[in-house]
Every structure is written in C-alpha cells, then in structure tokens.
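Reading through the structure tokens given below for one structure.
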Amino acid sequence: MTLTEKSGADLGQPRRDPVSIAGPYRARYHFSPERGWLNDPNGLVYYRGEFHLFYQFFPDGLYQGPMHWGHAVSEDLVNWTHLPVALYPDELGYIYSGSAVIDWNNTAGFGHEAMVAAFTHHHHESADEVQSIAYSLDRGRSWTKYPGNPVIPVREGYRDFRDPKVVWYDRDDGGGHWVMALAAGTSVLFYTSPNLVDWEPSGSFGAGYGSAVGVWETPDLFPLRDAAGERRWVLLVGVGAGAPAGGSGVQYFVGDFDGQTFTSANPIETILWLDYGGDNYATQSWSDVPDGRRVVISWMSNWLYGREIPATSTRGAMTLPRALELTPRPDGHRLIQRPVAELRQLRRRARSHDRTIIPADGTLTVESSGRLLEIDARIALRHATPDRVGIALRYDADHAVRVGYMPEQRSLFLDRSASGEVGFGEGFGVVHHAPLELDDGMLRLHVFVDHVSVELFANDGRVTISDLVFPPESALRVELFAEGGECVLESLDLYELEPATFLRTTR
Ligand code: FRU
C-alpha cells in the first residue's frame, strides 16, 4: 500500500463520529454522557493540547450503579470527543471520584510524563473506602491500575473517606512534593508524598469550620492571585446536604496552605457558597492549564433529586466550565466565576436593545427564537425600587423561569416553581435566593439557557445560581418584568447559540 492509500487511522488520525444529542431532556452545549448515568467530574487535567474530563459514570443504566470513570477530551472546553471508559470497577470496588496529574518529573517511576489518576475504591459490600492510583502513558487512552493498590488503606474512624484531589506543591527550598486532599466525615485530611505511591498524613481541616450539615465530599485545593498579585489558597468542599438551595452544594474556604495543611483566613462560623442554585456540585478544577486560568466544572445536579430528574437516554450533565478569580471584599477575599471565553464561539445571532424603560407592572418582550440563549442585561436600580425586576425565560401562558433581583431584600433569585416539570423530586419546584449588594445600583444579569438548564452569573460573576429546568418545548418567550415600579434597562445583548459538537472516537 502506498502512503496515499493509507486510511486516516493508519496515519495516526483516529476516526471521529458524531454523537447524537437529540431528545427532550438532553443538553445541547453542556457536556453529557453518550448514554447512562453521570455524576461528578473527575481527573481534570490539561495535557498536550487536550482538556481531559473524566467523570463518574454508570454506562448501563440511568441510575448510580457500579461506578466507572467515563472519559472525554476537548481542545476548547466547549466541543467534546468521547473516549472509551478509562477505569472499570474491580475486586477492590467501584471507582469513585478523584483527580489526575501529569507526573512531569517521573516521581512515581511509571514512565515519561505519565498521567496518574488518584481515586477512591468503594467496596460495594463492606462500603470500605480506600485510595488507589492508575497511570497512562498514552495521553489517557489506556490505563494500568497500580498493582500495589490501595496506596492509602481504610482509615479507622472514618466511614466516608474519599475523593482524593492531588496537587503538586512547590516548596520555598526549590523542591516540591505531592499533596492529597481527602474528604473524611466533615473534614478534609491532607497527605503528602514524594512519588504518588507512598503517602503520609500531614494535617486536617474542618472541626467546626463552615457548613457541616452534610458529609464532606470532593475537595479541591489551589492557589489563586487577586488582581493586585496577592495570593491565597482556596479549598472547595462539596457538602452532601444543607446547601442554600437544599440538598448538596459546594462551599469554599479562603486561607493559607503551608505544604502540609490548610488554615482558614475567615472566622470559624463563616460559610461561603460557590453557587446558590440547586445544581452545582462536586466542583473540580483542571490542573496544568497552560494560560494559568483556574477553570472549574461541576456536576449540574443534586443528590436531593438527581436520581429522579426526567431522562430518556442519559441522566446527568456538567455545568458550563467557568474561570475562577479572587477578589478582595471588605470582609476578605471572595471567589468570582465567569463562563470561559471559549463559549463565545457558540454565538450565532446577536440582537442588542438600547436604553429603554421597563414599565411598572408591565413587560417588555425581547425578540428571540430558539431554546439556546445567552442574555446579558444591565438594569439601573439607583433611582428605582421595584419589588422584583428581571427576565422571564422559557415563558408562555402557564410557564416561566424567572431570574432577577429584589432590591429591598438585596436578594438575587431564580424561580423555577412554574418552570414545567417540577413534581418528580423533593424540593425541585422552588425559588432559589442569593444575597447580592449592588455597586452603584447597577444589576447585571448574564444568563445561559440550554434545553434543561439556566445558569445565572450576576454582577460580573459575584454570585451565580445554576439550576436545571424542564420546560415544555413550546415555552419560548423572553420578557423583562418590573413589578411595583418602573426601571431602566441600560442595555441588553441577546445571542442565539448553536449546539456544541460532540464526537466519539476509540482512541
Ligand atoms: C459526590 C460523590 C463522591 C463519590 C461519588 C460517587 O457526588 O458522592 O463523594 O466519590 O459521588 O459516585
């Protein structure tokens, strides 16, 4: 065979086939699995031009069964290519959540630039939880579980002991070591290692800090700098219950990490929530992102009703990927979240509205079509005090998803009580609130609408509310409303979005 006759696959170009994302309950530009059940993002690492997304996956049913690590890659965080399952359950148990790193210095001795995954083996009969590792020498395409697993055995006194997040720590002496953050009960335990195989306990954080209503899960640990260059360490922690919207949610701590353990810069009772919606859980950040951004993604669901959400071929999706920033506030540094800039490639048609009045108790129809929308509205409230102001999305005579603000209460909200299908699960059809102080009376609502979700980024990402919604296909209108007093719409940009591209390949 001459070179020209060779197929693409022979030349190293694997075939990529389109994956259908049709169906009523399927996201169009959020990541969802090809089939089966999805929960937490796992193993987020950037390597040689690819963002790797592993995830909690049960391919054979629409429920959380024996967990695998599903796998997909993306060059731009928007369009994804599905790859074969990376890790299968084995005699040590199901493959629960964890992380991945590139072992740049071959500290483990697995080989040049090994991708190393750290995960929890959850035994399906004993419920024992131990920590294990696996490695890949071919860009995550094939995996070898470490024969000496587990690398951390059962720890007495902790029944919930899982979700290792591994990061590299650069020491002041020029050396460095690996750090593992592990959720254990209502605390985070830290371990250190020179080689990803031998781990020593090095400290713990918890003991009364933050919200401890639910069990702690899926920690993440990373440094961030504010615009002035000041550095703080951030610890993200999933809480299985008791989040502001009910059920599971993510809290975060801001403080310091000395290579061994974390200390909070805030009083013990301070609780900081990453998102105030019902559907943002198990947040994890990518390691080794080349431009230095701290990009996170979350499971867009909730353990309260996630098993019951309407589904046909797949159940579960991820949130939009977001870039985190750290900003100083009077009471300390806080996180802000912005949708990644790469999402702009989905904008297909733009419409802008100039300055106009939203009449008191009236509405202003925003011309739009389609169910995939991005809306960026600025509303001036300095001289006006309506009871509620905002945008009604997926609107018809009987339905709406309302996002907006109540100036008197200084409260941002997302109301999905009349959004469509709400009766399937406990606590779904409700209004979610978040505290928000306006600067200079200006409200900015930046909203992303997909078939089954609405994500609200208010005032440049100071507060976010992420919610699943299941509206009827025919509810399509977009209207601005101001109840109890007129106010000024300073500007509005509406973009119709196109679906992201989802492909499948075998390698
Ligand atoms: C969080 C979680 C993790 C666990 C995984 C199992 O959503 O409960 O603690 O590893 O899901 O699928």
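Rule-based calculations on the coordinates, nothing more; no lab input. Just so it is clear, the structure is predicted and the values come from calculations on it, not from any experiment. Note that each Cβ is placed from the backbone with ideal geometry, even for glycine, and that neighbours are counted across all protein chains shown.
Once the other residues with Cβ under 13 Å from the Cβ of residue 162 are scored (Lys, Arg +1; Asp, Glu -1), what is the net sum?
Summing Lys and Arg as +1 and Asp and Glu as -1 gives -3.
Can you compute the modelled spin-label distance between residue 329 and residue 258, with each label point 7 Å from Cα toward Cβ, in nm?
2.8
Which loop-located trypsin sites (Lys or Arg not before Pro) does the range 411-492 contain, where loop means any DSSP state but H, G, I, E or B and the Cβ has at most 12 other Cβ atoms within 10 Å? Intermediate values should be presented prior to the final figure.
Details: sites: 416, 444, 462, 477; in loops: 416, 462.
Within the range 411-492, no trypsin sites (Lys or Arg not before Pro) qualify (loop, at most 12 other Cβ atoms within 10 Å).
Show log10 I(q)/I(0) for the range 121-220 at q = 0.21, 0.23 Å⁻¹, two decimals, from a solvent-free Debye sum over equal Cα scatterers.
With no solvent term, the Cα-only Debye profile gives -1.16, -1.28.
Mind checking the dipole of the range 254-300: about its Cα centre, +1 per Lys or Arg Cβ, -1 per Asp or Glu Cβ, Debye to the nearest 20? Provide the component values of the computation, followed by the final result.
Values: 2 positive and 7 negative charges, 17 e Å.
Dipole of the range 254-300, to the nearest 20 debye: 80 debye.
Loop-only GluC sites (Glu not before Pro) in the range 219-312, please: DSSP not H, G, I, E or B, and at most 10 other Cβ atoms within 10 Å.
269
In debye, nearest 20, what is the charge dipole magnitude of the chain about its Cα centre with +1 on Lys and Arg Cβ and -1 on Asp and Glu Cβ, if you could check? If you can, show how the numbers build up before the last one.
Working: 45 positive and 67 negative charges, 174 e Å.
The dipole of the chain has a size of about 840 debye.
So what is the orientation-averaged projected area of the range 185-228, using the convex hull of its C-alpha atoms, in nm²?
Values: hull surface 20.1 nm².
Computing the convex hull of the Cα atoms and averaging its projections yields 5.0 nm².
Want the number for residue 13 to residue 365: 0.36 nm per residue separation, take away the alpha-carbon distance, what's left? Provide the component values of the computation, followed by the final result.
Numbers: separation 352, 0.36 × 352 = 126.72 nm, distance 4.86 nm.
Fully extending the segment from residue 13 to residue 365 adds 121.9 nm.
Shape verdict for the range 282-369, please, from the Cα gyration tensor: rounded (a/c under 1.5), prolate (a/b greater than b/c) or oblate.
Numbers: a/c = 1.67, a/b = 1.22, b/c = 1.37.
Oblate, since a/c reaches 1.5 and b/c is not below a/b.
Go through the range 313-377 and name the GluC sites (Glu not before Pro) that are in a DSSP coil and have 12 or fewer other Cβ atoms within 10 Å of their Cβ.
Details: sites: 325, 342, 367, 374; in loops: 367.
Those that pass, being in a loop and sparsely packed, are 367.
Considering the dipole of the range 168-274 built from charges on the beta carbon (Lys and Arg +1, Asp and Glu -1) around the Cα centre, which of 219, 247, 235 is farthest to its positive end?
247
Summing Lys, Arg as +1 and Asp, Glu as -1, what charge do residues with Cβ under 11 Å from the Cβ of residue 140 carry, residue 140 excluded? Can you show the working numbers first?
Values: positive: 48, 139, 141, 507; negative: 50, 138.
Result for the neighbourhood of residue 140: +2.
State the extension gain, in nm to one decimal, for the chain segment bounded by residue 341 and residue 313, taking 0.36 nm per residue of separation less the distance between their alpha-carbons. Walk me through the numbers on the way to the answer.
Details: separation 28, 0.36 × 28 = 10.08 nm, distance 3.01 nm.
Here the segment from residue 341 to residue 313 would lengthen by 7.1 nm.
Suppose R0 equals 45 Å. What FRET efficiency, 1/(1 + (r/R0)^6) with r the Cβ-Cβ distance, do residue 291 and residue 382 give to the nearest 0.05?
Values: r = 37 Å, r/R0 = 0.82.
Working from the Cβ atoms, E equals 0.75.
Rounded if a/c is under 1.5, else prolate if a/b is larger than b/c, else oblate: which is the chain, with a ≥ b ≥ c the root eigenvalues of its Cα gyration tensor?
Numbers: a/c = 1.79, a/b = 1.38, b/c = 1.29.
Prolate, because a/c is 1.5 or more and a/b exceeds b/c.
Rounded if a/c is under 1.5, else prolate if a/b beats b/c, else oblate: with a ≥ b ≥ c from the C-alpha gyration tensor eigenvalues square-rooted, which is the range 321-478? If you can, show how the numbers build up before the last one.
Working: a/c = 1.31, a/b = 1.22, b/c = 1.07.
Judged from the Cα gyration tensor, the range 321-478 comes out rounded (a/c under 1.5).
Using 1/(1 + (r/R0)^6) with R0 = 25 angstrom and r between the beta carbons of residue 417 and residue 265, what's the FRET efficiency to the nearest 0.05? Let's see the in-between values first.
Numbers: r = 37 Å, r/R0 = 1.50.
FRET efficiency, residue 417 to residue 265: 0.10.
Pulled fully out, how much extra length does the chain show between residue 127 and residue 460, if you take 0.36 nm times their separation in residues and subtract their Cα-Cα distance?
On the way: separation 333, 0.36 × 333 = 119.88 nm, distance 4.28 nm.
Contour length minus Cα-Cα distance gives 115.6 nm.
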